[in-house]
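Working notes for the structure below.
The values are calculated or read from the model by the stated rules, or taken from the named source; none is laboratory data. Owing to the predicted nature of the structure, the values given are computational and were not obtained by experimental measurement. Backbone-built Cβ (ideal geometry, glycine too); neighbour counts: all protein chains shown.
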Amino acid sequence: MGIHVTRPGMLSTVQDLGRWGFQNLGVPVAGPMDRCSHRFANVLVGNPAGAATLEITLIGPELVFEQATRVAVTGAEFDLVLDGRTMPMNESVPVPAGSNLRFRERRRGARAYLAAAGGFDVPELLGSRSTHLPSRFGGLAGRALAAGDVLRLRPVGEKQMKPVRRQGFPLELPQGGARVRVMLGPQDNLCAPSGIKTFCTSRYVISGRSDRMGYCLTGPPVELVSSAGTLSDATPTGTVQVPGSGQPMILMADGQTTGGYPKLAIVITADLPLVGQLSSGDWLEFEVCDRAVALRALIAQERTQLV
């Protein structure tokens, strides 16, 4: 018994909050591209924030529920049809056994999150159920869903089968692009002052070579002081690297743990979910802020999620 995958969608993977504590060993964190929508979906069905959800990218799946459960879909705005009727997003919805859920037209955003009561029951690897696609481990055999897969659900308590009512999480879904805040460093000194100005005043477009590992940006090149790289060191999610081409790259959820390209900036944690809702062809602009602004933004976001 579980959820049968009739059509997998473009890229649907099992994700929890990530595989933390192993980056020093070269193991990436993975996890959701939009952690806010992931957490909100879990809250709506009574799950812990870290329960495994299904991250759905651009084109959604078709699913048949072989057991009764309760689900919520958050994040990117899709037209949802449950047994021939419109299903609302950002709400806890009971799903009888035998039901069919279809994701139809996508209107805004790039990634939706489907949570089911109990969370998806895939094996834990290093304390996480997240799928890391480049390494082919975690989640469902380290890969995206395929037609014929069956997703098992973990046991649920009585609380999880009761409706949970919350106001929609106020993440403003992007329409074509977004302006996000960054903190400069730690190696902005390797970029020429003119290059930093270019980065802060230009619009960049996410190229078709982008994926969960990172966004490759196209636009005015950022001038480096030297074409030589640096010694490899830590690369947190959101790091903006500048290779010799001058075209910036943003490391995302599946990004590597270290890198030798100059690290010009890092997207603040509060704005990473917004970046995670962008896709190829969307634009990005950058606004420099300091640590105090970044902390205030994150605190405000966390308080909103706890209401």
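Per-residue answers, yes or no, for (1) farther than 21 Å from GLY18 by Cβ; (2) without any contact (Cβ under 8 Å) to a residue 40 or more places away in the chain; (3) outside the structural domain of PRO273 (by TED's automatic domain parsing):
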| position | (1), (2), (3) |
| --- | --- |
| ALA41 | no, no, yes |
| VAL64 | yes, no, yes |
| ALA72 | no, no, yes |
| ASN90 | yes, no, yes |
| GLY98 | yes, yes, yes |
| ARG102 | yes, no, yes |
| ARG106 | yes, no, yes |
| GLY109 | no, no, yes |
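Every listed requirement among (1) at pLDDT 95 or above; (2) at negative phi is met by GLY98 save one, (2).
Residues of the stretch 245-304 that are buried (at least 20 other Cβ atoms within 10 Å of the Cβ) and among the charged types (D, E, K, R): ASP254, LYS263, ASP271. Within the stretch 183-213, restricting attention to residues that are in a strand (DSSP E or B) and in contact with a helix residue (DSSP H, G or I) (Cβ under 8 Å, 6 or more places away or on another chain), which residue is modelled with the lowest pLDDT? Checking each candidate, the answer is CYS191. The residue that is nearest to the chain's Cα centre (by Cα), among those in the stretch 1-54 that are part of a helix (DSSP H, G or I), of a type in the set (S, T, N, Q) and surrounded by 24 or more Cβ atoms within 10 Å (Cβ to Cβ), is SER37.
Answer with yes or no whether LEU63 is in a strand (DSSP E or B) and within 15 Å of the chain's Cα centre (by Cα).
no
For the stretch 185-200, taking the residues that are within 17 Å of GLY259 (Cα to Cα) and hydrophobic (A, V, I, L, M, F, W, C), the one that is surrounded by the most Cβ atoms within 10 Å (Cβ to Cβ) is identified as CYS191. Can you tell me which residue within the stretch 211-244, out of those that are among the hydroxyl-bearing types (Ser, Thr, Tyr) and buried (at least 20 other Cβ atoms within 10 Å of the Cβ), is nearest to ILE196 (Cα to Cα)? Applying the filter and picking the extreme gives THR239.
Given the stretch 74-149, what strands (runs of 3 or more DSSP E) lie entirely inside it while holding 2 or more residues that are surrounded by 22 or more Cβ atoms within 10 Å (Cβ to Cβ)?
100-116
Entry remark, the stretch 269-301: residues being more than 24 Å from ARG209 (Cα to Cα), of a type in the set (A, V, I, L, M, F, W, C) and under 17 Å from the mean Cα position of the chain (by Cα) number 2 in total.
Would you point out which residue out of VAL150, VAL156, VAL164, VAL122 is at pLDDT below 95 and within 25 Å of ARG19 (Cβ to Cβ)?
VAL156
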